[in-house]
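The values are calculated or read from the model by the stated rules, or taken from the named source; none is laboratory data. If you're wondering where the values come from, they're calculated on a predicted model, not measured in any experiment. Every residue, glycine as well, gets a Cβ built from its backbone with ideal geometry; the counts of neighbours run over all protein chains shown.
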Amino acid sequence: MTLRDTNLDKLHGRHFDVCIVGGGINGAVTAAALAARGASVAVIDRGDFAGFTSSASSNLVWGGFRYLENYEVPLVRNLCMSRNRLMRAYPANISEIGFLAAFGQTAPFPPWLASIGAYAYWGIGNFKTNAPRPLSTESIENLEPVISVKGVRGGLEYADAYLKDNDARFVFGFIRSAMDLGAVAANYVELIDAERVAGQWHVDLRDLEDGHELGLTASVMVNAAGPFIDALNRSWRLRTDHRIVYSKGVHLVVDQLTPNERVLAFFDDTKRLFYVIPMGTRSVIGTTDDRVDDPHTTVTDADRTFLLSQINARLDLAQPLTTASIIAERSGVRPLVVRNDGDDHREADWTSLSRRHAVEVDHVKSIVSIFGGKLTDCLNVGEEVAEAVNELGVPLTREWRRWYGESRREYKREFYRQALAMRLDDMRETPGIEPLSDRLWRRYGRRALGMLDEVRADPSMAADVMDAADYLRVELQHTATSEMVTRLDDFLRRRSKISLVVRERDVREADGLHEVAEILFGAKAEAKLAEHAAAHWSA
């Protein structure tokens, strides 16, 4: 029986203090925070965890420098404090990174004004990052020869932070933490209906893998459905003070454009910021910012043409980037919070809307709704929702158990001691951009100690399991038993970032793909491969 099967059995027929609908970043941190204070928690998602907006971010952890344009100083302060807190809690996963902004003719303000803002931003963040520095055109050219300085009036370098692995894996870390604290989580579970009767919620669910139905009861419902929050609240006949509008963002992944580990920032022809973000041996170009009415989006030819033309005009490349340069791409929406006052916000400058969040509580129906937010602010969201649930009468303990952050230092010391003794970093067949020990610790923490035992018992467990994927057999075994992979894309895109850094045809033709499927799905391997091919490779 798989971990998911076990959790489905635990869901059915049980009463929970809280049922969370949505397993993106908001639902994941809420589950972990509530479980840490003793609540019985169920968290479900009709797709995979982090399967929608939370897997379409820029992988940046930042305080929102651009929000200073709208004088949102309290918001920037809170986000900077959240960034600092995440950097302390996740030193192997979240690293400080420099942003080099080049101010060309499309920049909406001069470099000197941006420099003043950068120093203010640094101070608002308690000076916890490297100090900003204004840059001349010559300095930009020396630091990043890939940037075309034609028409550039000057530049600026300041610091924020970013995720070394992908956003979806970071989200799953909170799901894993919640389960370690007693929560029950299941992906690919659809909410059929929820009705409040005699002071408690009766929740009907459907397992989308085999169609069977199950049910549970809960004292409180938490709507963490992200872009789908409004539709879910309407189904519960709930009137809220806030609602969501959508901004579409697109990222294109190409071969590494600069060996320097920094973010390059530019203003496009519409005077909006876009970036070149490092991702190992790849670079990520994005994002766009377009108002849409449907949360389901795709990358269009127009999106590709726009981003490629913008970056080609701002970089001095030996060969311009073309659609053939694109290794992978992703598209998603930002759920932006607005007042639910009937205004469609089309006449206003809606692109200036910030990524703030709002938590609303309905005391009559015992519903907590989480609007908006971003990865940087996730810990605050979890704590705010916990307090809201406490207000609704769910008794929570005063003391928090450990629900976020990397494994304790004693585990880290022991892991590196053993890894050094067994010469783990010499075992990898394909040299990477970081030592193997660093990668295993960053992804798995104390669980990586068990992986060392498996590698000692069988050195083949340290071999790459799939061509060009940089993923070890021992990691895959761990994923199969501990990470609730239900469909192949869960592994390729969300527990790992293989499909973000390896071309689709290379994944499809990889010698180890069938072994991957067999380890993950056993007797269902061929069916899961066929399912994935029909959904992703039919073209």
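Check whether at least one residue in segment 369-380 is modelled with pLDDT of 95 or more, within 27 Å of Gly24 (Cα to Cα) and of a type in the set (Ser, Thr, Tyr), and report yes or no.
Looking for residues that are modelled with pLDDT of 95 or more, within 27 Å of Gly24 (Cα to Cα) and of a type in the set (Ser, Thr, Tyr), one finds at least one in segment 369-380, hence yes.
Can you tell me how many residues within segment 42-62 are under 25 Å from Asp160 (Cα atoms) and either free of Cβ contacts under 8 Å to residues at least 60 places away in the same chain or aliphatic (A, V, I, L, M) (or both)?
Number satisfying all stated conditions: 4.
Looking only at segment 17-36, count every residue that is farther than 22 Å from Gly405 by Cα and either of a type in the set (A, V, I, L, M) or surrounded by 24 or more Cβ atoms within 10 Å (Cβ to Cβ) (or both) and tell me the total.
3
Being under 28 Å from Trp403 (Cβ atoms) and in contact (Cβ under 8 Å) with a residue 12 or more places away in the chain narrows it down to one residue among Ser82, Ser136; which is it?
Numbers: Ser136 fails: under 28 Å from Trp403 (Cβ atoms).
Going through Ser82, Ser136 in turn, the sole match is Ser82.
Among the strands (runs of 3 or more DSSP E) contained in segment 234-334, which hold 3 or more residues that are assigned by TED's automatic domain parsing to the domain that holds Phe65, under 24 Å from the mean Cα position of the chain (by Cα) and of a type outside the set (Lys, Arg)?
242-255, 262-267, 273-279, 282-286
Taking segment 194-228 as the search range and keeping residues that are of a type in the set (Asp, Glu) and without any contact (Cβ under 8 Å) to a residue 12 or more places away in the chain, which one is surrounded by the fewest Cβ atoms within 10 Å (Cβ to Cβ)?
If we take residues in segment 194-228 being of a type in the set (Asp, Glu) and without any contact (Cβ under 8 Å) to a residue 12 or more places away in the chain, then Asp210 is surrounded by the fewest Cβ atoms within 10 Å (Cβ to Cβ).
With respect to Gly155, is the statement that it is under 29 Å from Thr53 (Cβ atoms), outside the structural domain of Val29 (by TED's automatic domain parsing) and assigned to a strand (DSSP E or B) true?
Against the criterion (under 29 Å from Thr53 (Cβ atoms), outside the structural domain of Val29 (by TED's automatic domain parsing) and assigned to a strand (DSSP E or B)), Gly155 does not qualify.
Exactly one of (1) outside any helix (DSSP H, G or I); (2) crowded, with 18+ Cβ neighbours inside 10 Å is unmet by Cys80. Its number?
Result: Cys80 fails condition (1) only.
State whether the residues of segment 406-421 include one that is closer than 16 Å to Ser177 by Cα and aromatic (Phe, Trp, Tyr).
no
Residue by residue through segment 112-137, note down the ones that are under 12 Å from Gly63 (Cα atoms) and among the β-branched types (Val, Ile, Thr).
Once the filter is applied, which keeps residues that are under 12 Å from Gly63 (Cα atoms) and among the β-branched types (Val, Ile, Thr), segment 112-137 yields Ile124, Thr129.
Working carefully through the options Glu509, Glu434, find the one that is surrounded by fewer than 16 Cβ atoms within 10 Å (Cβ to Cβ) and out of contact with any helix residue (DSSP H, G or I) (no Cβ under 9 Å at 6 or more places or on another chain).
Glu509
Looking at (1) under 23 Å from the mean Cα position of the chain (by Cα); (2) surrounded by fewer than 24 Cβ atoms within 10 Å (Cβ to Cβ), which is the one condition that is false for Phe49?
Failing condition for Phe49: (2).
Looking at segment 382-410, I want the residues that are at positive phi and have a partner that is part of a loop (DSSP other than H, G, I, E, B) and not β-branched (Val, Ile, Thr) with Cβ atoms under 7 Å, at least 6 apart or on another chain. Which pairs are those?
Hits for this filter: Gly405/Tyr90.
In this structure, does Leu100 turn out to be modelled with pLDDT of 95 or more, buried (at least 17 other Cβ atoms within 10 Å of the Cβ) and either under 21 Å from the mean Cα position of the chain (by Cα) or farther than 15 Å from Leu273 by Cα (or both)?
Judged against the criteria, Leu100 is not a match.
What's the number of the condition Met484 fails, among (1) under 19 Å from Thr298 (Cα atoms); (2) hydrophobic (A, V, I, L, M, F, W, C); (3) touching a residue at least 60 places away in the same chain (Cβ under 8 Å)?
With (1) under 19 Å from Thr298 (Cα atoms); (2) hydrophobic (A, V, I, L, M, F, W, C); (3) touching a residue at least 60 places away in the same chain (Cβ under 8 Å) applied to Met484, the lone miss is (1).
Of the residues that sit in segment 504-519 and are part of a helix (DSSP H, G or I) and of a type outside the set (A, V, I, L, M), which one is nearest to Ala480 (Cα to Cα)? Before you say what the answer is, go through the steps one by one.
First, pick out the residues of segment 504-519 that are part of a helix (DSSP H, G or I): 504-508, 513-519.
From the residues that got through so far, the ones that are of a type outside the set (A, V, I, L, M) too are 504-506, 508, 514-515, 518.
Values: Glu504: 22, Arg505: 24, Asp506: 22, Arg508: 20, His514: 14, Glu515: 12, Glu518: 10 Å.
Residue satisfying both the conditions and the ranking: Glu518.
Considering only segment 149-164, how many residues are surrounded by 22 or more Cβ atoms within 10 Å (Cβ to Cβ) and of a type in the set (Val, Ile, Thr)?
Of the residues in segment 149-164, 0 are surrounded by 22 or more Cβ atoms within 10 Å (Cβ to Cβ) and of a type in the set (Val, Ile, Thr).
May I ask you to list the residues in segment 408-425 that are buried (at least 18 other Cβ atoms within 10 Å of the Cβ) and either closer than 20 Å to Ala35 by Cβ or out of contact with any Ser or Thr (no Cβ under 6 Å at 6 or more places or on another chain) (or both)?
Lys412, Phe415
Within segment 165-193, can you find the residues that are buried (at least 21 other Cβ atoms within 10 Å of the Cβ) and assigned to a strand (DSSP E or B)?
Val184, Ala185, Ala186, Asn187, Val189
What number of residues within segment 457-471 are buried (at least 16 other Cβ atoms within 10 Å of the Cβ) and out of contact with any helix residue (DSSP H, G or I) (no Cβ under 6 Å at 6 or more places or on another chain)?
3
Could you tell me which numbered condition Ser54 fails, if it satisfies all but one of (1) within 17 Å of the chain's Cα centre (by Cα); (2) outside any loop (DSSP other than H, G, I, E, B); (3) farther than 25 Å from Thr486 by Cα?
All conditions are met except number (3).
Here are the criteria: (1) part of a helix (DSSP H, G or I); (2) in contact with a strand residue (DSSP E or B) (Cβ under 9 Å, 6 or more places away or on another chain). Tell me which single one Ala161 does not satisfy.
Going through (1) part of a helix (DSSP H, G or I); (2) in contact with a strand residue (DSSP E or B) (Cβ under 9 Å, 6 or more places away or on another chain) one by one, Ala161 breaks only (1).
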